[in-house]
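Below is one structure, written out as structure tokens, with a few remarks after it.
Here, each number is a calculation from the coordinates, and none is a lab measurement. Everything quoted here is computed from the prediction, not taken from an experiment. Heads up, the Cβs are rebuilt from the backbone with ideal geometry, glycines too, and the neighbour counts pull from every protein chain shown.
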Amino acid sequence: MKLCRYGRNGFEKPGMIDAQGQLRDLSAVQPHIDQETISSKGLAKLAKIRAESLPLVRSNPRFGVPYTGITKFIAIGLNYLDHAHETGAQIPPEPIIFMKATTCISGPNDDIVTPKNSTRLDYEAELGIVIGTKARYVSEDKALDYVAGYSVCNDVSERAFQMQSSQWDKGKGCDTFGPIGPWLVTTDEIANPQTLDIWLDVNGERRQSSNTRNMIFSCAKLVSYCSHYVTLMPGDIITTGTPSGVALGIKDRDAYLKPGDIVTLGIKGLGEQRQKVVAFKG
């Protein structure tokens, strides 16, 4: 299933994408897509619904974050070999974990707002793992049983803020730095999350192009690893690192994002995002 939320910010309705890629209104049978909805029990209920039986949404509405109830936004650093090389970093012996503030979360096509005093605004196309079942100390071989599905993420970063200390959080959690969506694609449609093409363009120029098979640590490894340090709850999301091609690796100040730039990114089977970079006003 491909689940989504659409409409004006704060007034989104639940939706489902049918086999032809059309948006259907789910609200008559499911008023919300939240933590309960994406639990194993909730998804089993939704799986009985035939998307083509739902009303077709004929307009072209905004997509919001695909579901509500994200209590933790966990991110993984340096999880592609080529990205570690381009930044001059050593290959991590175990996953590097940091947290993105939940206030940074935005819809997949919402604007990226340049923070005050920003000088090195960057992009990172990433695969997001959405937890569906409470997970604590889970084994790697069982870890994907706790996953509800997957989504596209852009781990927007302000590198000048990030590099001011050994803790990356303040360069990763500014408002609008966490676009998620357009859909939550459930695991029945993604047989193997380590086979997905991933890409990102800036103003139509291809900057990132890779496949999730190139991750250093697999999705199963990451879910298991994180569950040994924090209890993962339904709705929590783990964004799994980015491949090479970020502005930081290009080492050209003109490669960093600036107001007016258009960022587009996507993952095979999970949909695409499009964001315009705008200046902060206020």
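Can you give me the Cα centroid spacing of segment 157-190 and segment 237-282 in angstrom?
10 Å
Above 17 Å lies some portion of the pair distances; for segment 151-247, what is it as a whole percent of all C-alpha pairs?
Result: 63 percent of Cα pairs exceed 17 Å.
About its Cα centre, how strong a charge dipole does the chain have in debye, to the nearest 20, once Lys and Arg get +1 and Asp and Glu get -1 at the Cβ?
About 580 debye.
Quick one: which of LYS172/LYS276; LYS258/LYS281; LYS116/LYS251; LYS116/LYS281 span more than 20 angstrom between C-alpha atoms?
Where the Cα-Cα span goes over 20 Å, the pairs concerned are LYS116/LYS251.
Take the chain, drop everything but the C-alpha atoms, weight them equally and run the Debye formula without solvent; then report log10 I(q)/I(0) at 0.11, 0.12, 0.15 Å⁻¹ to two decimals.
Computed log10 I(q)/I(0) values: -0.58, -0.70, -1.11.
Please give the net charge around THR231, taking every other residue with its beta carbon less than 11 angstrom from that of THR231, where Lys and Arg add +1 and Asp and Glu add -1.
So the surrounding residues net to +2.
Arrange the following residues from fewest to most other Cβ atoms within 10 Å of their Cβ: THR242, THR68, THR176.
Ordered by Cβ neighbours within 10 Å, fewest first: THR68, THR176, THR242.
Using Cβ contacts closer than 10 Å as the measure, can you line up ARG24, ARG62 from fewest to most?
ARG62, ARG24
Compute and list, largest first, the equivalent-ellipsoid semi-axes of segment 217-282 from the alpha carbon gyration tensor, each √(5λ) rounded to a whole angstrom.
30, 16, 14
Of the candidates ARG58, ARG253, ARG50, which one comes out as most mobile in a Gaussian network treatment of the chain with C-alpha springs shorter than 10 Å?
ARG58
What lysines sit close enough to LYS2 to cross-link, taking a C-alpha to C-alpha distance under 16 Å and skipping anything fewer than 8 places away on the same chain?
Filter leaves LYS13, LYS45, LYS48, LYS268.
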